[in-house]
Amino acid sequence: MARSALDEMSEIGAFQRTASTFRNFISRDPNSQFPAESGRYHLYVSYACPWASRCLAYLKIKGLDNAISFTSVKPIWARTKDSDEHMGWVFPTSKTEEQGAEPDPLNGAKSIRELYELASTNYAGKYTVPVLWDKRLKTIVSNESSEIIRMFNTEFNDIAENAALDLYPPEVRVHIDETNEWIYDGINNGVYRCGFAKKQGPYEEAAKHLYEALDKCEMILGQQRYICGNTLSEADIRLFVTLIRFDEVYAVHFKCNKKLLREYPNLLNYTKDIFQVPGMSSTVNMEHIKRHYYGSHPSINPFGIIPLGPDIDFSSPHDREKFGK
C-alpha cells in the first residue's frame, strides 16, 4: 500500500499515482451533510505541494479568506510516528519554528497522518495534502484537489467576496475538461513521471510526453491570453501551479531539463500573468517549494543540496495584455 508518492511505482519502474479516497462534497443545500457555512471548514495545505496550492489559490482569488481558515505544514517531510519509518507532512511545534507554517489549531495533530487517522481508524492510504476538514463533524470532507476547487468555485458564492468570478462557466466546461485532461497527463503529473521514474525507458517516455504538451501550450498561448480562451479559467490555475515550479525544481530535481520555462516566451509571460492575478502571489512560497522537493526525496537528492537559482521575478512586466483584459 502506497503511503507517499515515492511508493507509487509500477513493475517497469514507472510512477503511477493512486486515487484520492475522501470524496465528499460541500453543497449550497443547507440540508446536505456538508453545507456551505462560513467558519465551518478548514483547509490544510503545504505551500510546496502543487495540488494543495491550487486549492489555496481558489480560496484567495474567490475571496473566501474570512469563510474558510487554512494552515500550512512544514516544507520538509519528517517522521510521522515513532512506531514506523513513514516520512510525511508534519506541523511545527510553535508559530515561530517555521516561517509560513503553523501548529494544527484544531486538533493539536503533529502530522497530516494524524488527521487521517482521526477521520478513519482503519485508513490505509496516502497521507496527502490538501485536506479539507469539517470542524463540526471532526472529519475529512475531501482530499481531492480537483473537487475541492470546484466546491470553492460555486458552493460558497453566498459568502465569497468575489462570487462573480466563475472559473468553470457552463459554456466552456467541455473545453476546460478536455484541456485539464491532457495538461494533467502530460504536465501536472508528467513532471512526477519524469522525476520518480526508476528506469530510463519510463523516464524518456514521460519526458517526451511532457515536452509535447508544453510545446502545445506555447503554441496555444501565442494566439490567446489564457489556455482556454481570453478569460481566466480553472485550467489556468491547474497549469500555473506546475509552471511556477518548473525551472526552480522540476528542471533540476525531476530531470525536466530539455527546455526551460524561461525558454518559452509565451509560457513565461503567461506564468507571470497568472502570478499577478490578485491573491495568487500569496500562495507561492518558493522557499517552501524548494526546501520540500530538494529536502524530502533522499533517493533523488541524498545530500539535500538546494540549488541557488534561477530566482525568476514573476512580478516583472509581461506582454499578455496584447490579447485584451
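The values are calculated or read from the model by the stated rules, or taken from the named source; none is laboratory data. On a predicted model such as this, the values are computed, not experimentally measured, just so you know. So basically every Cβ, Gly included, is an ideal-geometry build from the backbone, and we count neighbours across all protein chains shown. Note: areas computed on protein heavy atoms with side chains; ligands, DNA, RNA excluded. Shrake-Rupley method; radii C 1.70, N 1.55, O 1.52, S 1.80 Å.
In square angstrom, rounded to the nearest 10, how much accessible surface does residue 49 have for a 1.4 Å probe?
Answer for residue 49: close to 10 Å² accessible.
How far, in nm, would the chain grow between residue 137 and residue 31 when pulled straight, counting 0.36 nm per residue and subtracting the alpha carbon separation?
On the way: separation 106, 0.36 × 106 = 38.16 nm, distance 1.47 nm.
Using 0.36 nm per residue and subtracting the Cα-Cα distance, I get 36.7 nm.
Given a 1.4 angstrom probe, I'd like the percentage of the accessible area of the stretch 144-246 that is carbon and sulfur, rounded to a whole number.
C and S fraction of accessible area: 48 percent.
Where in the stretch 40-127 are there trypsin sites (Lys or Arg not before Pro) that are in a DSSP coil and have at most 15 other Cβ atoms within 10 angstrom of their Cβ?
The qualifying sites are 81, 95.
Take the Cα coordinates of the stretch 13-111, assign each an equal point scatterer, and use the Debye formula without solvent to give log10 I(q)/I(0) at q = 0.13, 0.18, 0.22 Å⁻¹.
Each listed q corresponds, in turn, to -0.59, -1.04, -1.30.
Taking amide H positions as placed in the peptide plane 1.01 Å from N, state which residues far from residue 27 in sequence (5 or more) or on other chains have amide H under 5 Å from it.
34, 36
Which percentage, to the nearest 5, of the DSSP beta bridges contained in the chain is antiparallel?
If I count the DSSP bridges inside the chain, around 70 percent turn out antiparallel.
Tell me which chymotrypsin sites (Phe, Trp or Tyr not before Pro) from the stretch 241-325 have a DSSP coil assignment and no more than 11 other beta carbons within 10 Å of their own.
303
Could you state the number of Å between the C-alpha centres of the stretch 307-325 and the stretch 69-127?
34 Å
Where in the stretch 136-199 are there trypsin sites (Lys or Arg not before Pro) that are in a DSSP coil and have at most 14 other Cβ atoms within 10 angstrom of their Cβ?
136, 138, 198, 199
With equal scatterers on the alpha carbons only and no solvent term, can you work out the Debye log10 of I(q)/I(0) for the stretch 82-166 at 0.11 1/Å?
So the normalised log intensities are -0.40.
Give, in whole angstrom and from largest to smallest, the semi-axes √(5λ) of the equivalent ellipsoid of the stretch 141-271, with λ running over the eigenvalues of the Cα gyration tensor.
28, 17, 13
So what's the chain giving for Cα Rg divided by 2.2 N^0.38 Å, two decimals? Don't jump to the answer; show the numbers that get you there.
Details: Rg = 19.2 Å, N = 325, 2.2 N^0.38 = 19.8 Å.
In units of the globular-protein estimate, the chain measures up at 0.97.
Which residues does the label zone of residue 322 cover in the stretch 201-221, counting backbone N under 16 Å from a point 7 Å along Cα→Cβ?
Inside the label zone: 218-221.
Using 30 Å as the Cα-Cα cut-off, could you pick out the over-long pairs in 62/135; 62/208; 258/325; 74/135; 60/135; 74/198?
62/208; 258/325
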